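For reference, the structure discussed in these notes is given below.
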Amino acid sequence: MTVFIASLFLPYTIDFKSTGLKSLSTRRRKSSPSYSAVDGSGPLPIVGRLADVRKTRQRSSSFELTPGATTENEKIFKAYASHSAGEIPIAEEPNGPGPNEPRAVPWGQSRKFNQPRSKATTHPEPSILSRPGSRQGSKESAFLTGGVSLPAVTTELGSPRALLSPEDWVVKAAEQGHGGLQNAIHAAEEAGILENKMWVGTPGMPTDSLTDMTRSLIDQTLRAEYESLTVFVGDSEFEGHYAHFCRSVLWPALHYQMQETPRHTEYDDYSWKQYLKVNEAFATTIANHWRPGDTIWVHDYHLLALPALLRKKLPRARIGFFLHSAFPSSEVFRCLNSRDALLDGLLGADLIGFQTEEYCYHFIHSCSRLRRLQVSVDGVQVNDRFVHVKNYPLGIDYQSLNVLRQSVEVRDWISDIGERYKGKHLIVARDRLDAPGGIKQKLLAYELFLESYPKWRDNVVLVQVASSASEIPELEAQVSKVAMRINSVYSNLTHSPLVLLKQDISYSQFLALLSVAEIYMATNLREGMNLTSHDFIHCQDGQLVSQKHGSLILSEFTGSASIFHGHELIVNPWDYKQCADAMNIALEMSPERKQHNWEFLLNRKSPYTATAWYTFLQNALTEAHSMQQSRETHAVTPLRLDTLQHSYHSAHKRVFFLEDGATFTPDQTHPSTEATDLIQALVLDAKNTVYLTSTNSPDQLDRATKSLPPCIGLIAENGCFIKPSTRFRSCHALSPSNIPRKEPWESLVDVEGTSDWRAGIRKVIEYFQERTDGSTIEERRCTLTFNYKHALDHEIAAHQASELADQINGARGSEAIRVVRDTVAVSVEPLHASKAAAASTLLDRLPAEETADFIFVAGGGRGDESLFRWANRLSRVPVGNGVRNGSANTNGDENVKGGISGDRTVTTLTAGTHATEASAVLPSGLSLLDVLRLLAFPHVVDVASRCKDLET
């Protein structure tokens with residue numbers, strides 16, 4: 001079995017050999033010049049870009065001074081692509097461990113590798129305020145860098161272009177991609193829990209310039225030697241997908257950053273179409289290589305549409321999706337034009353995973369509110385499919401991290417940085433230079449800290465690393481302005497309190513910084529999971545340097561805050577005073593308190609390792625897919641009547657659980673004469689005990705069953721109330737109307753406790769009922785239902801139902817209630833009540849001599865699924881093993897098909913058409929009454945022959 005791991009970028013990319021340089025004329029020609037091969041034969045060279053370290057025009061390998069600085073200390077840091085960066089050799093290997101949070105490199109602008117240039121065509125302008133054809137000029141961008149050296153990311157006219165060999169290239173570890181995911185997959189392989197994998201992704205570079213032969217060779221090499229399927233897409237398609245939809249539309253929205261100016265419709269249409277094209281290319285590549293039994297995992301926001309595309313091509317595939325970024329509230333997500341298509345795309349998966357419970361809630365909330373789907377805390381019901389939703393945070397692979405930080409390069413950098421900042425208190429941070437990264441807010445808090453606590457001004461240094469170039473010139477200008485102000489006010493001849501690096505450094509330098517830092521600040525405005533904070537905790541174990549047990553100041557808006565809940569230095573990054581106070585607290589903290597905090601953080605994150613994350617998700621996907629296959633009605637076999645008859649007549653004691661809606665004619669307030677006679681015939685048999693289950697209240701059920709034998713047992717309001725069967729004491733089946741039901745109803749929930757939430761919930765339901773013509777409120781003892789079956793406008797009513805469910809889910813707080821969506825109703829009921837729990841209680845109360853070896857459960861509503869799940873579990877428990885009748889777990893954590901096990905036969909039968917966990921469906925043309933009639937009157941010729949003919 002192969003596990004396909006789909007991620008936008010493969011862990012590998014290509015580094016081409018340069019064959020020469022070609023200078024462009026100062027005036028661009030209309031057509032591209034043609035080049036001959038260097039030796040006069042073979043394929044033409046590729047026009048590309050040289051890596052920084054290979055450019056003939058050498059640049060300084062260190063950063064310029066930070067704005068306002070007056071010392072040489074800042075020059076110690078080296079740009080990650082320079083010769084002197086001192087990168088760890090194993091981290092450069094294609095299959096070696098790497099950073100958990102790699103740098104963000106603009107696509108097609110690698111600074112480490114020789115790669116082709118992009119041939120992407122001009123795209124529509126995003127903002128309606130933009131002038132046609134306007135672009136930010138290079139001079140403006142240079143001015144906004146604020147004085148920090150930033151190598152050009154584009155080549156100006158007159159600068160050299162490289163000629164790259166299409167035949168001479170090597171595979172390298174990619175700069176882009178998700179390092180945490182790659183390390184987790186590597187850890188799973190090392191642990192032996194992942195045996196056969198196949199990466200699926202793009203090579204992380206423009207490919208329009210490549211010949212078909214070069215593409216074929218790259219594809220074959222990556223597939224044969226690196227277990228990777230390469231997805232080749234056009235440069236324009238990829239740029240529209242990545243730069244214009246993912247980075248400009250999706251990424252800001254997922255991190256609560258919406259555009260301030262309206263976008264052109266043309267731009268939205270263009271970027272969305274390119275997004276879909278790339279997702280479709282992934283779907284085609286995977287479908288061409290998938291085989292039955294394979295597993296497909298789709299990762300992150302770049303491929304939100306992929307699960308549904310795969311489901312359409314591969315209906316029976318096992319598909320999981322995991323979102324590594326945050327998922328916003330429905331109020332933010334609803335602002336996206338493509339919100340419905342994105343949700344539908346995700347719902348093609350069997351399992352959707354998120355980093356935190358909060359993100360799960362936001363997603364489920366969005367499905368309920370925007371798509372009007374039935375939801376629960378466990379997932380979303382989509383037509384005949386149930387999509388499971390779970391959270392499990394991604395962790396780090398400590399073994400890989402330890403290998404990297406034990407390297408010679410890291411030790412050398414520890415020595416150099418420690419010497420340069422000897423006697424200083426070092427604060428370290430590394431973030432993207434974008435709005436969610438929160439660098440501006442962090443610098444403003446640091447400025448307030450220096451102003452409020454003068455004693456630290458001369459001996460504290462904040463080293464802020466930007467892991468990506470800014471895509472927002474205005475933000476970059478603001479950050480530079482704050483940085484210059486801090487250093488101009490608080491610097492002296494020998495000390496600068498701030499080092500702002502607007503270009504990433506090598507991983508060896510950063511690991512050294514994490515080892516010697518006294519404080520690490522992860523104060524992002526929003527982030528899915530900050531794995532660097534996890535790295536920092538391990539780097540502070542004191543193994544490599546005397547500094548240990550450093551303090552972590554963590555934003556409450558990161559996914560990591562859910563793991564480290566209770567940590568005293570969790571802050572609101574918008575509260576500058578709180579952040580400034582947290583820095584002072586961390587610096588003044590005693591060694592004992594630091595150690596206590598460090599051990600707390602270490603213990604909280606210990607369960608969340610890379611291998612634990614992979615194991616949990618893989619097991620959850622296997623279970624979700626298995627349950628989905630068993631729930632599909634077309635996958636459930638029709639009831640075998642001959643087998644059922646044989647089991648029935650062979651049994652010593654039998655128990656029936658029959659739903660009133662499936663047993664009686666729909667909309668009937670009382671059972672028909674035929675149904676009454678049939679149930680009377682069943683209970684006349686001393687071997688049979690019959691229970692009727694219903695969503696009706698006890699009073700309603702008493703009135704509806706007045707004509708039925710008084711000895712049958714009853715379950716009302718989906719398991720909130722029970723009335724045990726008295727068949728084993730006495731049963732006057734022939735004259736039910738003369739025998740009053742004296743047995744009282746018994747409550748299985750705290751009826752008085754429901755009053756705490758019923759009044760408030762009723763007001764909410766009344767609000768929506770008043771605004772939905774034809775709808776009604778059904779109030780029972782423990783449940784409230786908004787029913788819109790007879791609404792005048794069903795579309796408006798369905799929208800109102802979605803809003804109602806959304807509002808109750810959002811306001812229920814800690815109340816032990818659940819919202820149940822049906823096709824024409826929204827019900828609110830106690831959380832722990834269910835038909836399964838009620839049935840288990842009733843069976844446990846039967847005398848030992850009444851222990852059943854034949855159990856028959858039939859129903860057609862969604863509320864019967866828990867009953868099916870519980871009964872299927874009973875098939876595992878043989879009669880006479882010391883286990884009580886109904887003591888199988890009722891929480892539904894395990895799905896077991898009905899059948900014969902030991903001396904007990906369990907049959908679960910659905911009369912509905914939705915996805916089910918029942919072991920059988922009704923044979924075509926038969927009703928539940930037909931099946932019961934066959935059991936009660938086996939010798940009636942017309943019934944038996946009709947059933948036999950239909951079965952044949």
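Under 5 Å between amide H atoms, partner at least 5 residues away or on a different chain: which partners does residue 200 have, H built in plane at 1.01 Å?
It is 5, 6, 7, 229, by chain and number.
Less than 21 Å apart at the alpha-carbon level, and either on another chain or at least 8 residues along: which lysines does that give for residue 577?
The qualifying lysines are 440, 442, 455, 481.
Quickly rank 577-583, 520-526, 493-499 as a protection proxy: mean count of other C-beta atoms within 10 Å, highest first. Could you put the intermediate results ahead of the total?
Details: 577-583: 20.3, 520-526: 25.7, 493-499: 18.6.
Packing proxy ranking, top to bottom: 520-526, 577-583, 493-499.
Just check the stretch 244-401 against the gyration tensor rule for me: Cα atoms, a ≥ b ≥ c as the square roots of the eigenvalues, rounded for a/c under 1.5, and otherwise prolate or oblate depending on whether a/b exceeds b/c.
On the way: a/c = 1.32, a/b = 1.20, b/c = 1.10.
Rounded.
In the stretch 641-705, what trypsin sites (Lys or Arg not before Pro) fall in a loop by DSSP, with at most 10 other Cβ atoms inside 10 Å?
Within the stretch 641-705, no trypsin sites (Lys or Arg not before Pro) qualify (loop, at most 10 other Cβ atoms within 10 Å).
So if I average 1/r over every pair of distinct C-alpha atoms in the stretch 752-830 and take the inverse, what Kirkwood radius in Å does that give? It would help to have the intermediate numbers written out before the result.
Details: mean 1/r = 0.0807 Å⁻¹.
Final number for the Kirkwood radius of the stretch 752-830 is 12.4 Å.
What nm distance separates the two modelled labels at residue 746 and residue 615, each placed 7 Å from Cα along Cα→Cβ?
4.2
Give me, ordered by chain and number, the residues 5 or more places off residue 433 or on other chains with an amide H under 5 Å from its own placed amide H.
Result for residue 433 returns 467, 468.
Which whole number in µm²/s is D for the stretch 399-608 by Stokes-Einstein, with the Kirkwood Rh taken over Cα pairs at 37 °C and 0.692 mPa s? Working shown, then result.
Numbers: Rh = 17.2 Å.
So the translational diffusion coefficient is about 191 µm²/s.
Take the alpha carbon gyration tensor of the stretch 552-603, find the square roots of its eigenvalues, order them as a ≥ b ≥ c, and report rounded if a/c is under 1.5; if not, report prolate when a/b exceeds b/c, else oblate. Numbers along the way, then the final one.
On the way: a/c = 3.39, a/b = 1.12, b/c = 3.04.
Since a/c reaches 1.5 but b/c is at least a/b, the shape of the stretch 552-603 is classed as oblate.
Write down the radius of gyration of the stretch 566-639 and its Dmax, each obtained from C-alpha positions, in Å.
Every Cα atom of the stretch 566-639 included, Rg and Dmax give 23.3, 73 Å.
Whole-Hz Karplus ³J(HN,Hα) for the stretch 184-199, in order, using 6.51 cos²θ - 1.76 cosθ + 1.60 and θ = phi - 60°, x for Gly and Pro?
Per residue, the Karplus-derived 3J(HN,Hα) values read 5, 5, 4, 5, 5, 5, 5, 7, x, 9, 10, 9, 9, 10, 8, 5 Hz.
Cβ neighbours within 10 Å, averaged per peptide: list 385-391, 852-858 in order, most packed at the top.
852-858, 385-391
On a full-extension model of 0.36 nm per residue, what is the gain between residue 773 and residue 849, subtracting their alpha-carbon distance, rounded to one decimal in nm?
Details: separation 76, 0.36 × 76 = 27.36 nm, distance 5.44 nm.
Result for the pair: 21.9 nm of gain on full extension.
For a paramagnetic label modelled at 7 Å from the Cα of residue 329 toward its Cβ, which residues of the stretch 495-539 fall within the zone defined by backbone nitrogen distances under 18 Å?
525-528
Among 815-826, 4-15, what's the highest-first ranking by average C-beta atoms within 10 angstrom per residue?
On the way: 815-826: 18.3, 4-15: 23.8.
Output ranking for 815-826, 4-15: 4-15, 815-826.
Take every Cα-Cα pair in the stretch 456-560 and report what % of them are more than 16 Å apart. Walk me through the intermediate numbers first.
On the way: 3605 of 5460 pairs.
For the stretch 456-560, the share of Cα pairs beyond 16 Å comes to 66 percent.
Pairwise over distinct Cα atoms, reciprocal of the mean inverse distance: report the Kirkwood radius of the stretch 799-863 in Å, one decimal place. Display every interim value, and only then the final one.
Working: mean 1/r = 0.0681 Å⁻¹.
Kirkwood radius, the stretch 799-863: 14.7 Å.
Coordinate-derived values only; no laboratory data. Quick caveat: nothing in here was measured; it's all calculated off a predicted structure. Note: ideal-geometry Cβ built from the backbone for every residue, glycine included; neighbour counts use all protein chains shown.
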